[in-house]
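Novice: Supplied in structure tokens, the structure appears directly below.
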Amino acid sequence: MSSTPLLSHRPCGAVLGAFAFFAVVFTPLSSLAQAPLTISAPFTSHSPVADGFINTIEYSPGLTVDFVGDVNPGRFWIGSNKLSATPDDLSFTMYAAHTATTLFLAYHVNDQFIDNQASDADAPFLNDAVEVFLDSDRVSNDFLPGSKEGFQIISDVLGDKFTAASGFTNADWTAAARLVPGGYNIEFAIPLSLLDTVDGSGFAAAKTGDVLRFNAAVDDNDQLVRAQTAQGVLWRADSGASPFGTREPGWVVDLALTPAVPEPGSLCLLLSAGISSLGLALHRRRPRL
């Protein structure tokens with residue numbers, strides 16, 4: 001596995017002290033202590049566009065995850081036909097950001113073989129696809145069937161969508177997919193109005209400062225089949241179950257809707273198991289993926 005921040009377009013000045021940076025970006029320290037991994041989705045006034053192009057003007061440095069070995073982050077679901085893969089065979093970089101109205105999640109997936117059959121449009125998880133699991137109220141009592149308090153959404157490489165929730169449908173959120181050399185991109189735009197942070201009665205849409213529970217998975221078939229032969233999970237449960245199989249108790253990653261990152265510099269991930277590593281990248285221009 002790896003967890004390498006990519007480079008950003010933004011100019012970088014003096015490096016901020018690590019603990020000062022924690023105070024700015026990750027206010028809910030109690031939440032950090034409970035999660036094995038925390039990913040920041042910083043506020044931006046320059047809204048990304050969910051078009052399948054991943055631009056470093058839109059996003060801060062991403063979290064890169066591979067499936068070399070069987071160690072989190074980056075482990076295969078136990079029912080997969082493989083438990084390890086080279087980065088070219090399967091790996092992904094995840095980007096996140098939010099505006100006043102929308103959460104954006106983008107995935108650049110390295111994949112040597114693309115299963116993209118139009119005949120699987122009714123079940124996009126049977127193609128190569130990205131699955132997103134969001135538990136906005138942080139209480140494990142919503143999935144299944146799912147609701148705005150906790151749900152699953154999927155987009156495959158053709159842009160076919162799937163929603164596991166009551167109260168909203170595929171029409172209420174956006175996904176765009178694009179084939180690129182060596183793999184594909186999938187970009188999600190999820191209205192904050194779909195993310196209810198209140199358990200039970202009442203409603204409060206997610207906003208800057210909230211911390212959601214989260215997981216993600218990449219479906220990977222190495223041949224054209226109507227099946228799901230392998231699934232790489234961002235943070236897989238020790239039981240080996242997929243995030244769908246564990247339901248919300250397995251969505252253990254924190255997704256923090258943080259304030260805008262002050263220049264210079266930005267940080268997109270913390271490994272909070274002991275807060276063991278930080279990556280402040282040098283900043284330079286990169287082309288769109």
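The values are calculated or read from the model by the stated rules, or taken from the named source; none is laboratory data. Just so you know, these numbers come straight off a predicted model, no measurement behind them. Virtual Cβ from ideal backbone geometry, glycine too; neighbours counted across all protein chains shown.
Novice: Residues of the stretch 141-167 being within 27 Å of residue 202 (Cα to Cα), touching a helix residue (DSSP H, G or I) at 6+ places or on another chain (Cβ under 6 Å) and not β-branched (Val, Ile, Thr), which ones?
Specialist: 143, 148, 150, 162
Novice: Still on this structure: Determine whether residue 87 is within 25 Å of residue 173 (Cβ to Cβ) and in a loop (DSSP other than H, G, I, E, B).
Specialist: No, not satisfied.
Residue-wise test of (1) in contact with a strand residue (DSSP E or B) (Cβ under 6 Å, 6 or more places away or on another chain); (2) over 20 Å from residue 210 (Cβ atoms); (3) at pLDDT below 95.
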{"site": "238", "(1), (2), (3)": "no, yes, yes"}
{"site": "244", "(1), (2), (3)": "no, yes, no"}
{"site": "258", "(1), (2), (3)": "yes, no, no"}
{"site": "265", "(1), (2), (3)": "no, yes, yes"}
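Novice: Right, here's the next one. Kindly state which strands (runs of 3 or more DSSP E) lie completely within the stretch 154-242 and contain at least 3 residues that are surrounded by 19 or more Cβ atoms within 10 Å (Cβ to Cβ) and not aromatic (Phe, Trp, Tyr).
Specialist: The strands (runs of 3 or more DSSP E) meeting that bar are 174-180, 183-191, 211-219, 231-233.
Novice: For residue 66, which of the numbered conditions (1) crowded, with 20+ Cβ neighbours inside 10 Å; (2) at pLDDT below 90; (3) among the charged types (D, E, K, R) fails to hold?
Specialist: (2)
Novice: Which number in (1) buried (at least 20 other Cβ atoms within 10 Å of the Cβ); (2) within 26 Å of residue 237 (Cα to Cα); (3) of a type outside the set (A, V, I, L, M) marks the one condition that residue 79 misses?
Specialist: (1)
Novice: Can you confirm whether the stretch 69-78 contains a residue that is modelled with pLDDT of 85 or more, closer than 21 Å to residue 241 by Cβ and not in a loop (DSSP other than H, G, I, E, B)?
Specialist: Step one: of the stretch 69-78, the residues modelled with pLDDT of 85 or more are 69-78.
Applying the additional criterion that residues be closer than 21 Å to residue 241 by Cβ yields 69-78.
Next, only the ones that are not in a loop (DSSP other than H, G, I, E, B) stay: 75-76.
Yes, some residue in the stretch 69-78 is modelled with pLDDT of 85 or more, closer than 21 Å to residue 241 by Cβ and not in a loop (DSSP other than H, G, I, E, B).
Novice: Output the qualifying pairs, or none if there are none: Cβ atoms under 6 angstrom, residues six or more apart or on different chains, first residue in the stretch 170-188 and more than 15 Å from residue 132 (Cβ to Cβ), second residue acidic (Asp, Glu).
Specialist: 183/111
Novice: If I filter the stretch 17-63 down to residues being modelled with pLDDT under 50 and not in a helix (DSSP H, G or I), which single residue comes out as surrounded by the most Cβ atoms within 10 Å (Cβ to Cβ)?
Specialist: Applying the filter and picking the extreme gives 26.
Novice: Can you find even one residue in the stretch 114-128 that is more than 15 Å from residue 227 (Cβ to Cβ), under 13 Å from the mean Cα position of the chain (by Cα) and among the hydrophobic types (A, V, I, L, M, F, W, C)?
Specialist: No: the stretch 114-128 contains no residue that is more than 15 Å from residue 227 (Cβ to Cβ), under 13 Å from the mean Cα position of the chain (by Cα) and among the hydrophobic types (A, V, I, L, M, F, W, C).
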